[in-house]
Amino acid sequence: MDDDTSRAEELEQHEAREEQFRAERAKVGAGWHPIIDDLHTNLEMLLGEYDVLQIKEQYGGLRYYLLLDFRLPLQSRVQALQAIGEAERQSLLTCEGCGQDGDTQYHGGWYKTLCPKHHDEVEDVMSHAARVAVSNWLGVEETGSPR
């Protein structure tokens, strides 16, 4: 394989990794994107290129899963896992919606970490959705919109 082909394949792999990262990043609110971007930069410094498996919200906090190459030095792997843990802890204090200070509260089946404004908005939406669901179940027409 010549150098041009090899470089083209490397570039293609890099683009595929970045596309996967962007697709996973889009699965959580924009308020957490700076946390994720900082983590991604830090992980690239520690590990080089790596594969993101999944980024999601669970129980009000960020979860970040990657494919960790066990051929890398132990110290790099430990630092990467510590960086992920710190980002996940930081998400529990950051509004997933806007990035302001937040706290975790329970909203009708879900834990969400949000600022007071976004907690209120979620409660309004959840209340409206519950009213509509009950009205549908009873077979009556729901009128009005969320507060």
Pull up the stretch 35-71, narrow it to residues that are in a loop (DSSP other than H, G, I, E, B) and of a type in the set (Gly, Ala, Ser), then point me to the one that is surrounded by the fewest Cβ atoms within 10 Å (Cβ to Cβ). Gly48
Look through Arg25, Arg17 and report the one residue that is under 30 Å from His118 (Cα atoms) and in contact (Cβ under 8 Å) with a residue 24 or more places away in the chain. Arg25
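Just so you know, all these numbers are worked out from the coordinates, no wet-lab data involved. No experiment lies behind these values; they were computed from the predicted model shown. Using ideal geometry, Cβ is built from the backbone for each residue, glycine included, and neighbour counts are taken over all protein chains shown.
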